[in-house]
Amino acid sequence: MKIELRVCEHCLEGDRAHQPGERKTAVLNDMVACAERIDTYKEILDLEAVHVRKVRDDEAGRPAELPVVTATIQNDQVVLNDTQLVTEGQDGTMLVYVNPADILAVLAGNVDEISKALNEDVSVDISAHGAELLS
Ligand SMILES: [Zn+2]
C-alpha cells in the first residue's frame, strides 16, 4: 500500500496570508506528524511509500506519486483541494479522503497499528484540536 498526504504549506505554517486559524494549523501539523511517524515505521505495516506533499500558492501542482487531486467549485472556478489523503491498495484501488476528521483518523489508526505491532507506544502528541476531531 502507498499513502500520500497533501497539505497546504502556508496553512501548515500558520501563514497569515491564508488565515488558516489556529485549529486548521494544529490539525494539519497533527496529520503531518502522523504521516512522518508512519513513514519512519513503514516496513512494519508493509507500506511501499508514504509521501507528504506540501503545496504552495506558487506550486499547487502535481501529486508526488498517487495521481489524484480532488477539487471544489468556488465562485464558479475550479479550486484544487489543499488537504487530502490518498491511499493505494495492492490491487491499485485508490481511496481518497477529504474530510479532515477522516484523514486524521486514518493516519492515527495506522500509527496505532504500528504501536500494536511493535508492542511499543510510538504514538504522536496530537493537539487538543486534533484530539477533538478524533473523539
Ligand atoms: Zn493554505
Are there strands (runs of 3 or more DSSP E) fully within the stretch 1-90 with at least 3 residues that are hydrophobic (A, V, I, L, M, F, W, C)? List them.
2-8, 49-55, 77-80
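Any idea which of E113, E36 is modelled with pLDDT of 95 or more, under 16 Å from E9 (Cα atoms) and not small (G, A, S)? Break it down into steps so the answer makes sense when it comes.
Details: E113 fails: under 16 Å from E9 (Cα atoms).
Of the residues listed, the single one that is modelled with pLDDT of 95 or more, under 16 Å from E9 (Cα atoms) and not small (G, A, S) is E36.
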Within the stretch 51-70, identify whether any single residue is in contact (Cβ under 8 Å) with a residue 12 or more places away in the chain and closer than 21 Å to E113 by Cα, and answer yes or no.
yes
Looking at the structure I just gave you, is R37 in contact (Cβ under 8 Å) with a residue 60 or more places away in the chain, crowded, with 19+ Cβ neighbours inside 10 Å and more than 16 Å from the ligand (Cβ to nearest atom)?
yes
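Going through the stretch 6-40 one residue at a time, which ones are among the acidic types (D, E) and within 10 Å of the chain's Cα centre (by Cα)?
Residues of the stretch 6-40 among the acidic types (D, E): 9, 13, 15, 22, 30, 36, 39.
Matches in the stretch 6-40: D30, E36.
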Return yes when V106 is within 19 Å of M1 (Cα to Cα), in contact with a strand residue (DSSP E or B) (Cβ under 9 Å, 6 or more places away or on another chain) and among the β-branched types (V, I, T) and no when it is not.
yes
What are the residues in the stretch 44-95 that are among the charged types (D, E, K, R), surrounded by 11 or more Cβ atoms within 10 Å (Cβ to Cβ) and either more than 24 Å from G109 (Cα to Cα) or in contact with a Cys (Cβ under 9 Å, 6 or more places away or on another chain) (or both), if any?
K54, R56, D57, D82
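How many of the residues in the stretch 89-109 are among the small types (G, A, S) and more than 22 Å from D125 (Cα to Cα)?
Initial filter on the stretch 89-109 (among the small types (G, A, S)): 89, 92, 101, 105, 108-109.
Going one step further and asking which of them are more than 22 Å from D125 (Cα to Cα), we end up with 89, 92.
Going through the stretch 89-109 one residue at a time, the tally reaches 2.
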Quick one: what pairs do we get from the stretch 10-34, first residue under 14 Å from K54 (Cα atoms) and away from the ligand (no atom under 12 Å from the Cβ), second of a type outside the set (F, W, Y) and at pLDDT below 95, C-beta under 6 Å, 6+ apart or different chains?
none
Suppose the filter is in contact with a strand residue (DSSP E or B) (Cβ under 9 Å, 6 or more places away or on another chain), on the phi < 0 side of the Ramachandran plot, crowded, with 17+ Cβ neighbours inside 10 Å and small (G, A, S); does A26 pass it?
no
Would you say D58 is among the acidic types (D, E), within 13 Å of the ligand (Cβ to nearest atom) and under 25 Å from A131 (Cβ atoms)?
no
Flagged in the stretch 91-115 as touching a Leu at 6+ places or on another chain (Cβ under 7 Å) and of a type in the set (S, T, Y), in numbering order, are Y97
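The values are calculated or read from the model by the stated rules, or taken from the named source; none is laboratory data. Since we're looking at a predicted model, the values are computed, not measured. Cβ: placed from backbone, ideal geometry, glycine included. Neighbour counts: every protein chain shown.
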